[in-house]
Amino acid sequence: MKILLVDDSKTMRNIQKSVLTQLGYTEIEEACDGQDALSKIGAFQPELLLVDWNMPNMDGLTFVKTYRQTHKSTPIIMVTTETERSRVVEAIKAGVNNYVVKPFTPDLLSQRINETLEKAAAA
Amino acid sequence: MSETREETPFVITVSDDGLSCEVGVRAGFDPESTGQALCLGALREHGVKINEEVETRVGALINLHALDKGTEHRLLVAAGRPPEHGEDGWLELEPGFDPEKRDGGCGMTDSADQVLTRGDNPPAGCAVDHHARSAFAVAKAGEKIGVLHRPRPGEDGWSVTGETLPAKQGKPCNLNTDDSVVVHDNGMVVAAMSGVVQIDGRKIRVLQELGIHGSVDFHTGNVDFPGDVVVDKGVKDCFVVKAKRDISIRGLVEAATVHAGRDLHLLGGAACREKGTLFADRDLYARYLNECVCTTGRKLSVDKEVINAHVAVGAEMVSPGCTIIGGTTFVTGRCEVAELGSERNIPTVVTLGAQRDAENLSTRADELLGLIGEKLGKVQAEHDQYQRNAAKLTPTQAETMTELQFEIGSFSRLQETLSSAVSELSRVVGTVATIDLTIHKQLWRGVTILLDKWEATIEESIKGPIRIHCEPGKKPVLTDLTSNSTVELSTVARVRSRIEEPSADEAIAA
């Protein structure tokens with residue numbers, strides 16, 4: 001399964017990558033912001049995206065809205081520090097499938113990934 | 001060449017090989033209208049096969065003569081075709097295996113990345129490591145040795161008289177091979193197993209035993225062989241002999257490196273002047289070992305002496321005729337020698353029931369475990385601080401806390417893995433470790449024996465045969481094998497604990 005990690009923090013991407021590797025996913029691509037992610041999706045064709053909210057150049061929410069115009073069903077997990085209910089609703093309206101709030105443990109991230117993929121498979 | 005000049009107006013010349021026929025028309029002959037027919041008749045009489053081309057040429061000759069009857073005219077009127085002989089099949093060897101193209105290869109000392117392989121010629125002016133040159137064409141299993149080219153058929157020719165001139169047909173090149181070489185349908189000749197390629201005319205073999213009839217020196221270069229190696233003489237200074245299987249060396253090993261993937265037999269002994277390394281993954285036999293570093297995965301057997309050597313034996317050392325003088329010797333299992341130390345009381349250290357590499361690994365692992373524990377403690381403390389303010393974290397702090405949680409998980413996993421590896425290492429060493437030393441002739445003053453948690457220093461020489469042994473957790477004992485009487489080793493040697501006793505403060509704290 002091809003997974004795209006979109007986060008401006010290299011450390012955070014490494015953490016997510018490590019969790020995904022432990023879960024057995026090895027086809028992982030990284031992007032440092034929304035613009036970078038948009039430039040990579042054409043060639044990489046991800047089947048799951050983990051997206052941070054606050055990033056330079058193009059934030060996660062704008063990226064999700066743009067991405068959803070062409071890719072309706074690819075699951076997206078928002079990994080962010082935004083905890084306000086209104087923000088969460090905004091993200092879900094934009095097309096996010098699941099939500100992980102920082103700080104998170106590797107176990108929690110792994111659980112959210114599994115949940116999201118199971119729901120996507122069932123849909 | 002046959003030629004006719006009399007009776008007819010035509011001079012007909014057929015070459016000896018029958019490939020050409022020339023006609024001359026005598027001066028003064030008047031061809032009139034029948035000249036061409038007369039000429040063709042004359043050619044037929046000579047057996048020349050008449051075809052359209054011959055008729056055209058004869059016509060041209062007669063026409064020419066009609067214009068100048070007073071002169072003799074000559075013209076080539078018929079030509080045959082020589083046979084095109086076929087070519088025999090042949091074997092084209094890869095440069096590295098072709099004895100005529102091989103120069104043995106060389107390694108360049110100025111850049112490790114530029115090591116030349118078999119058959120390459122060093123660029124002009126490059127520094128050449130002559131030790132790294134190899135005189136042997138060694139193939140790996142599946143490696144291409146060469147290509148067997150099919151024979152090319154010949155094509156027959158013909159003479160002017162219509163006779164067939166037969167061509168020689170190319171013969172196939174029949175290789176003489178065995179199971180060690182495979183010839184594919186496309187002619188590719190491939191090594192079926194790893195080994196040295198032996199080519200003798202059409203006979204090709206891959207041998208799993210490399211026999212070196214002299215010494216390993218500049219004539220042979222270093223040896224790195226996937227099978228067995230037998231060296232008739234010795235190994236010179238600074239050369240390297242490596243083999244995936246057994247190595248047998250009949251002469252002296254000097255300051256060289258020898259590494260056997262299985263057993264190592266040093267029939268002539270080793271005198272390495274503290275610069276040589278000997279390694280056997282399984283057993284090592286030597287006539288003697290002088291000033292070398294020697295490691296065996298299993299048994300060591302030495303006929304005469306081990307002098308100033310650093311030896312590590314993975315299992316037992318049973319050498320009843322051997323004297324160990326100087327150096328350090330680690331033996332994991334039973335040890336049996338003639339003498340330990342010397343009359344001149346040269347310091348000699350023997351460690352029993354210990355696996356040197358395992359001990360080093362264990363020490364390193366303990367150090368790492370300490371470092372990991374320390375780091376884990378710091379990360380945990382920092383994490384706890386964030387945890388206490390979890391409700392008020394800024395986005396940056398939230399990210400930092402995620403990183404800390406991840407680090408805690410990583411360090412904990414590492415700690416767990418390393419601890420279980422150390423336990424397994426101790427268990428494996430424990431299964432083969434034995435403290436059992438038999439000395440047949442003499443145990444000399446100046447010898448130090450390390451056994452379990454004890455260090456025994458021999459202060460007065462003890463005559464053999466004796467046996468020093470130690471049950472786990474007990475004090476070491478010495479048995480006189482003549483009288484069969486056993487005493488504590490401390491009654492004949494200075495024995496002290498290798499584990500430091502805790503200080504009074506530490507004892508109180510405990």
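The figures follow:
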item	result
Nearest-0.05 FRET efficiency for A:ARG85 and B:GLN397, computed from C-beta distance (R0 25 Å)	0.75
D (Stokes-Einstein, µm²/s), Kirkwood Cα radius, segment B:357-432, 1.567 mPa s at 4 °C	91 µm²/s
Placed amide H near B:PHE330: partners under 5 Å, 5+ positions off or other chain	B:VAL311, B:ALA312, B:VAL313, B:THR351
Cross-link table A:LYS17/B:LYS392; B:LYS375/B:LYS475; B:LYS275/B:LYS375; A:LYS17/B:LYS244; A:LYS65/B:LYS378; A:LYS119/B:LYS375, entries beyond 31 Å C-alpha to C-alpha	B:LYS375/B:LYS475; B:LYS275/B:LYS375; A:LYS17/B:LYS244; A:LYS65/B:LYS378; A:LYS119/B:LYS375
Residue (of A:MET12, A:VAL96, A:THR80) at the positive-pole extreme of chain A, dipole from beta-carbon charges	A:VAL96
Burial ranking of peptide ranges B:215-221, B:376-382 (average Cβ count within 10 Å, highest at the top)	B:215-221, B:376-382
Cβ crowding within 10 Å averaged over residues, with A:24-33, B:240-249 ranked highest first	B:240-249, A:24-33
Partner chain coverage, peptide A:73-83 - average Cβ within 10 angstrom	1
Chain B - charge dipole about Cα centre, Lys and Arg +1 at Cβ, Asp and Glu -1, debye rounded to 20	1760 debye
Cut-off under 5 Å, modelled amide H: who pairs with A:ASN54 long-range	A:GLY60, A:THR81
Highest-fluctuation residue, A:GLY42, A:GLY60, A:GLY95 considered, GNM on chain A with Cα pairs under 10 Å	A:GLY42
The protein assembly as shown: calculated mean residue ellipticity at 222 nm from DSSP helix runs of at least 4, using -39500 (n - 2.57)	-9000 deg cm²/dmol
Angstrom value of the Kirkwood radius, inverse mean 1/r, which spans all Cα pairs in segment B:2-79	12.2 Å
Rounded to the nearest 20 debye, dipole of segment A:2-122 from Cβ charges on Lys, Arg, Asp, Glu	260 debye
Charge dipole magnitude, Cβ of K and R +1, D and E -1 - the protein assembly as shown, Cα centre, debye nearest 20	1820 debye
Burial order of peptide ranges A:83-93, B:180-190, B:302-312 (average beta-carbon count within 10 Å, highest first)	B:302-312, B:180-190, A:83-93
Top positive-direction residue, dipole computed over chain B with Cβ charges, set B:ALA456, B:GLY35, B:HIS65	B:ALA456
Under-5 Å amide H pairs with A:SER9, H placed in peptide plane, nonlocal only	none
Under Karplus coefficients 6.51, -1.76 and 1.60, residue-wise ³J(HN,Hα) of segment A:9-20 in Hz, glycine/proline x	9, 4, 4, 5, 5, 4, 4, 5, 4, 5, 4, 5
GNM top mover of A:PRO56, A:PRO103, A:PRO75 - chain A, alpha-carbon springs below 10 Å	A:PRO103
Cα-based Rg / Dmax (Å) for segment A:2-122	12.8, 35
Shielding by other protein chains, B:405-415, mean Cβ within 10 Å	3
Cβ neighbours within 10 Å from other chains - mean over A:11-24	2
Normalised per residue, the volume of the convex hull around the Cα set of the protein assembly as shown (Å³)	357 Å³
Of B:HIS469, B:LEU371, B:ALA78, farthest towards positive along the dipole that unit charges on Lys, Arg, Asp, Glu beta carbons give chain B	B:HIS469
Whole-Hz ³J(HN,Hα) from phi, Karplus 6.51 cos²θ - 1.76 cosθ + 1.60, for segment B:212-226, glycine and proline x	10, 6, x, 9, 7, 8, 5, 6, 9, x, 5, 10, 9, 10, x
Inter-label distance for A:ASN57 and B:ARG496, nm, one decimal - labels placed 7 Å from Cα along Cα-to-Cβ	6.9 nm
Mean separation of Cα contacts under 8 Å (6+ apart) over length of chain A, as relative contact order %	24 percent
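All of the numbers you see were taken from the coordinates with simple rules; none came from a lab. Because the structure is a prediction, the values reported are computed rather than measured. Quick reminder, even Gly has a Cβ in these numbers, built from the backbone with ideal geometry, and neighbours come from all protein chains shown.
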